[in-house]
Amino acid sequence: MTLTTSAPVRTTRPVRTARPRRYLMCPPVHFDVCYSINPWMEPEKPTDGGLALVQWERLINLFRGLGHQVEQIQPVPGLPDMVFAANGATMVDGKVLSARFRYPQRADEGPAYADWFRQRGYQVHEAEHINEGEGDYLVTGSRILAGTGFRTDRLSHEEAARFFGLPVQSLTLVDPRYYHLDTALAVLDHDEIMYYPQAFSPDSQQVLRELYPDAILATDADAEVFGLNAVSDGRHVLLASQATHLIEELWARGFVPIGVDLSELLKSGGSAKCCTLELRELPAR
Ligand code: ARG
């Protein structure tokens, strides 16, 4: 006797749709590692500025090739970390919250980015509390996830909730290697995320488990190559090509992972997402 099963083949791989984005980026022409404000930065190690620029140009070309619009801000001499545009501000529904940096070495980046927005007619809310822009504020479909512990002040989370009029979920980072939220967590689509649990306090791990039971969890190796510092347009996910486990998981869930090599910027503790500030206008009605 042969047994046949009529159960349909399960296809769990959803179809993903990309939404065109607008990004702000800053060419790393003054990039260098000449101070240390995170454990990745070792000023005595040489950095190759030319290679940093080539790697960054590949990233901007990938975005453009995917149909995204990229604006550029003029890099300021003496601000070697200005390439990390994600830290420059937070923009949601056309509203801009300025950045206010923790360390004096980066303090002048806040006004430089705020001016870029003002010159284009955006109103900028001058932040009262320390916050490092989208480094610690990640926007999902239903809330803003907000990092604290190393850079952004907890009080800034309340300021952001008031200013944007959106729920803000605070998350506490505990591992100095993952000092910004965007080094430990990435938003893939609406309410889908991937993250590295060990970067968070036990309470925050619990919150993440409850809010995102289906999240992709990163391994130590994924996190160490900055695989979570990823940029997603809802379908394509640009991330460090060495993050092989994350890449497999993304494929399995219907995303199209695109590996990038930003080895020079990694020497400063940054990768794809750090270089990219999303410009979120008011949704068209
Ligand atoms: N060297 C920079 C710093 O320590 C890197 C910033 C990376 N940016 C980010 N969004 N994680 O501030």
Give all pairs with beta carbons closer than 7 Å in which a residue from the stretch 212-232 that is at positive phi meets a residue that is crowded, with 18+ Cβ neighbours inside 10 Å; count only pairs at least 6 apart in sequence or on separate chains.
PHE226/THR183; PHE226/ALA240; PHE226/LEU266; PHE226/SER271
Look through GLY227, GLY254, GLY259 and report the one residue that is within 14 Å of the chain's Cα centre (by Cα), more than 21 Å from PRO27 (Cβ to Cβ) and of a type outside the set (A, V, I, L, M).
GLY227
Looking at ALA215, ALA243, which one is farther than 18 Å from GLY135 by Cβ, out of contact with any helix residue (DSSP H, G or I) (no Cβ under 6 Å at 6 or more places or on another chain) and at pLDDT 95 or above?
ALA215
The lone exception for ARG13 - which of (1) closer than 27 Å to GLU224 by Cα; (2) among the charged types (D, E, K, R); (3) modelled with pLDDT under 95 it fails
(1)
Of everything in the stretch 169-187 that's more than 13 Å from the ligand (Cβ to nearest atom) and in contact (Cβ under 8 Å) with a residue 40 or more places away in the chain, which residue is farthest from SER156 (Cα to Cα)?
VAL187
If ALA186 passes every condition in (1) within 15 Å of the chain's Cα centre (by Cα); (2) assigned to a helix (DSSP H, G or I) but one, which one does it miss?
(2)
Quick one: is ARG151 in a helix (DSSP H, G or I) and basic (Lys, Arg)?
no
Could you tell me which numbered condition LEU246 fails, if it satisfies all but one of (1) away from the ligand (no atom under 16 Å from the Cβ); (2) surrounded by fewer than 21 Cβ atoms within 10 Å (Cβ to Cβ)?
(2)
Based on what the data block shows, is PRO20 surrounded by fewer than 20 Cβ atoms within 10 Å (Cβ to Cβ), part of a loop (DSSP other than H, G, I, E, B) and modelled with pLDDT of 95 or more?
yes
Mind checking which strands (runs of 3 or more DSSP E) fall wholly inside the stretch 35-134 and carry at least 2 residues that are crowded, with 17+ Cβ neighbours inside 10 Å and within 16 Å of the ligand (Cβ to nearest atom)?
89-92, 95-98
Looking at (1) among the small types (Gly, Ala, Ser); (2) within 15 Å of the ligand (Cβ to nearest atom); (3) surrounded by fewer than 17 Cβ atoms within 10 Å (Cβ to Cβ), which is the one condition that is false for GLY269?
(3)
Taking LEU166, is it surrounded by fewer than 24 Cβ atoms within 10 Å (Cβ to Cβ) and of a type in the set (A, V, I, L, M)?
yes
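The values are calculated or read from the model by the stated rules, or taken from the named source; none is laboratory data. Everything quoted here is computed from the prediction, not taken from an experiment. A quick note on method: Cβ atoms are made from the backbone with ideal geometry, for glycine too, and the neighbour counts reach across all protein chains shown.
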